[in-house]
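To keep things clear, I will list the structure first and then write my remarks on it.
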Amino acid sequence: MEFEQEIARRRTFAIISHPDAGKTTLTEKLLLFGGAIHVAGAVKSNKIKKTATSDFMEIEKQRGISVATSVMGFEYDGYKVNILDTPGHQDFAEDTFRTLTAVDSVIIVIDGAKGVETQTRKLMQVCRMRKTPVIVFINKMDRPSNDPFDLLDEIENELQISVRPLSWPIGSGDIFRGVYNIFEKNLYLYEPSKQTVQEGVSVDLGSTGLDERIGDRAAATLREELETVEGVYPEFDIETYRSGDVAPVFFGSALNNFGVRELLHCFLQIAPQPQPSHALERDVNPDEKKFSGFIFKIHANMDPNHRNRIAFCKVCSGKFERNKGYKHVRLGKELKFSSPTAFMADKKSIIDEAYPGDIVGLPDTGNFKIGDSICEGNELIHFRGLPSFSPELFRYIDNADPMKAKQLAKGIDQLMDEGVAQLFTHQFNGRKIIGTVGALQFEVIEYRLLHEYGAKCRYEGISLYKACWVESDDEAELAEFKNRKVQYMAKDKDGRDVFLAESNFMLQMAQQDFKNIRFHLSSEF
């Protein structure tokens, strides 16, 4: 197949939502359609000892939540679909923010009863900032839900984006009868089924066939509501969706595999193919012949038996080929990859080639950091947009088992490379400080250190407001600052200077006293 055709048939997107809106369940059902899995894992059920395909870490299976982004690719109807299932919990938001740099579009899942929630607003801000096209899936319509028009108003107000329904629910909860697919002009009648897929019925809205299928009252309500939809919302325009100005909306029940097919079919037709990537030097187009890509995630211990690390590389341009030499831009050395992999959550298969939009797993022995660029040829390209943000919670981390000091050091080193948290070494007392954006991260780190590295850690509280990266063109002033603030200075994992401010007042005073020093709340500067 021609290179351009390979690019045109790829769809790379992330599924994002507030925790428990049904994001991982939706991912499962999309995989079911693609034939990538044959039985969906019951995410919530304790009776069925099966967990979601995309939740493959042991702690995810125990908690029933996603704590790391997982990547899944499958073929469907002539398209190559790459799904990135992200953590919904706010404590893992940084992983999700970075994932959004590697996708061309997004599906936001909203609970029909709860509406727009906090985490959804935050994630939508990132999509708006990057002008990422968004489709909204309103889930759990088989349970009592808010009025569809109220939900649409709430989405417009809270997420600050215009909406256009492309499917419409017939009731909700006990009187949920199905959805009318506005995009395909089909009627789908609801039958609770977690495993099978219903076919749509072509029906004329004006005919008595509709009344016979869903009842006179429901048919009259549906006709009236659809008339309102067509009157209130402008006609769907693919370009306004792709420019990030309008969000198409679908209704359904992911758990019961209902409304998912309509979402997938429409998505494949309207979602953008791989788009240009922004680099420091210039924009990189997917159809350029030379390969380039960037690392947006690193995962240690995908297979705990082999202590392996995998770097997730988004292919931005050209064709990636196995065993071909590529330049690691930061290190300036050439690397070859003998076993690059494609993903199905934790299941991997070795691939010979990959195209723009694909996510490739590169076995890593410690060469990569998040944000690293790889390219072919002499031109060096630096992709941007993968910052680490200043943590909000801090704790000292100590070794709880003197016999396992080596394991603890290795474990901390590898887990910090994943970007789940940040490590600072206090210059005054030499102690190690872990900084995270959420309290649950500390639990995950402790759990993974014990179960993946056999190391026990102990935390001790430390009261800090912010960790700020500092730099200055005035060497003398920077030296004086470090000397005066020696009790509050630390180094990050890359050896950069970090100022540990105990309060907002302390930070403001430092900024006032040292005018030539730049204080950064993000590591990308």
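Quick one: in the range 173-191, of everything that is open to solvent by less than 30 Å² (accessible area, probe 1.4 Å) and part of a loop (DSSP other than H, G, I, E, B), which residue is nearest to Gly215 (Cα to Cα)?
If we take residues in the range 173-191 being open to solvent by less than 30 Å² (accessible area, probe 1.4 Å) and part of a loop (DSSP other than H, G, I, E, B), then Phe176 is nearest to Gly215 (Cα to Cα).
Based on this model, can you work out whether Lys404 counts as open to solvent by 60 Å² or more (accessible area, probe 1.4 Å) and within 30 Å of Phe312 (Cα to Cα)?
Judged against the criteria, Lys404 is a match.
Which of (1) under 19 Å from Arg395 (Cα atoms); (2) out of contact with any Ser or Thr (no Cβ under 7 Å at 6 or more places or on another chain); (3) among the acidic types (Asp, Glu) is the odd one out, the single condition Glu502 does not satisfy?
Checking Glu502 against (1) under 19 Å from Arg395 (Cα atoms); (2) out of contact with any Ser or Thr (no Cβ under 7 Å at 6 or more places or on another chain); (3) among the acidic types (Asp, Glu), the one that fails is (2).
Go through the range 21-36 and give me each residue that's part of a loop (DSSP other than H, G, I, E, B), open to solvent by 20 Å² or more (accessible area, probe 1.4 Å) and either at pLDDT 80 or above or hydrophobic (A, V, I, L, M, F, W, C) (or both).
The one that is part of a loop (DSSP other than H, G, I, E, B), open to solvent by 20 Å² or more (accessible area, probe 1.4 Å) and either at pLDDT 80 or above or hydrophobic (A, V, I, L, M, F, W, C) (or both): Ala36.
I'd like to check which strands (runs of 3 or more DSSP E) are fully inside the range 331-377 and have at least 1 residues that are at pLDDT 90 or above.
Here the list reads 333-335, 359-364, 373-375.
Could you figure out which of (1) farther than 18 Å from Thr436 by Cα; (2) open to solvent by less than 10 Å² (accessible area, probe 1.4 Å); (3) modelled with pLDDT under 85; (4) not small (Gly, Ala, Ser) isn't true of Glu58?
Condition not satisfied by Glu58: (2).
So Lys466 passes all but one of these: (1) touching a residue at least 40 places away in the same chain (Cβ under 8 Å); (2) open to solvent by 60 Å² or more (accessible area, probe 1.4 Å); (3) among the basic types (Lys, Arg); (4) touching a strand residue (DSSP E or B) at 6+ places or on another chain (Cβ under 8 Å). Which condition number does it fail?
(2) is the only condition that Lys466 fails.
Pro248 is checked against (1) farther than 20 Å from Asp352 by Cβ; (2) modelled with pLDDT under 95; (3) surrounded by 23 or more Cβ atoms within 10 Å (Cβ to Cβ) and fails just one. What number does that condition carry?
For Pro248, the failing item is (2).
Matching residues to (1) over 14 Å from Cys468 (Cα atoms); (2) crowded, with 18+ Cβ neighbours inside 10 Å:
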| site | (1), (2) |
| --- | --- |
| Tyr488 | no, yes |
| Asp492 | no, yes |
| Phe499 | no, yes |
| Met509 | no, no |
| Gln512 | yes, no |
| Ser523 | no, yes |
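For the list (1) under 28 Å from Tyr465 (Cβ atoms); (2) out of contact with any Ser or Thr (no Cβ under 7 Å at 6 or more places or on another chain); (3) surrounded by fewer than 18 Cβ atoms within 10 Å (Cβ to Cβ), I need the number of the one condition that Phe394 fails.
Only one criterion in (1) under 28 Å from Tyr465 (Cβ atoms); (2) out of contact with any Ser or Thr (no Cβ under 7 Å at 6 or more places or on another chain); (3) surrounded by fewer than 18 Cβ atoms within 10 Å (Cβ to Cβ) is unmet by Phe394, namely (3).
Phe74 versus (1) in contact with a Ser or Thr (Cβ under 7 Å, 6 or more places away or on another chain); (2) modelled with pLDDT of 50 or more: which is the lone unmet condition?
In the conditions (1) in contact with a Ser or Thr (Cβ under 7 Å, 6 or more places away or on another chain); (2) modelled with pLDDT of 50 or more, Phe74 misses (1) alone.
Name every residue in the range 388-433 that is closer than 28 Å to Arg484 by Cβ, in contact (Cβ under 8 Å) with a residue 24 or more places away in the chain and assigned to a loop (DSSP other than H, G, I, E, B), in order of residue number.
Ser388, Ser390, Pro391, Glu392, Gln427, Phe428, Arg431
Report the residue count in the range 101-120 for those that are in contact with a helix residue (DSSP H, G or I) (Cβ under 6 Å, 6 or more places away or on another chain) and either without any contact (Cβ under 8 Å) to a residue 60 or more places away in the chain or surrounded by fewer than 23 Cβ atoms within 10 Å (Cβ to Cβ) (or both).
Number satisfying all stated conditions: 3.
Being more than 21 Å from Leu100 (Cα to Cα), surrounded by fewer than 18 Cβ atoms within 10 Å (Cβ to Cβ) and either at pLDDT 85 or above or in contact with a helix residue (DSSP H, G or I) (Cβ under 8 Å, 6 or more places away or on another chain) (or both) is the requirement here; does His382 meet it?
So His382 fails the test.
Considering only the range 229-263, state which residues are in a helix (DSSP H, G or I), under 20 Å from Leu151 (Cβ atoms) and β-branched (Val, Ile, Thr).
Val229, Val232, Val260
Could you tell me whether the range 434-442 includes any residue that is closer than 30 Å to Asn483 by Cα, touching a residue at least 40 places away in the same chain (Cβ under 8 Å), under 22 Å from the mean Cα position of the chain (by Cα) and open to solvent by less than 10 Å² (accessible area, probe 1.4 Å)?
yes
One line per residue, one yes/no per condition, for (1) under 17 Å from Phe176 (Cβ atoms); (2) open to solvent by less than 10 Å² (accessible area, probe 1.4 Å); (3) at pLDDT 95 or above:
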position	(1), (2), (3)
Thr228	no, no, no
Glu235	no, no, no
Ser243	no, no, no
Gly252	yes, yes, no
Leu255	yes, no, no
Val260	yes, yes, no
Leu264	no, yes, no
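The values are calculated or read from the model by the stated rules, or taken from the named source; none is laboratory data. Keep in mind that this is a model prediction, so the values were computed, not measured. When we count neighbours, we look across all protein chains shown, and the Cβ atoms used for this are built from the backbone with ideal geometry, even at glycine. Areas reflect the complete protein model, heavy atoms only, side chains present, ligands, DNA and RNA absent. Shrake-Rupley method; radii C 1.70, N 1.55, O 1.52, S 1.80 Å.
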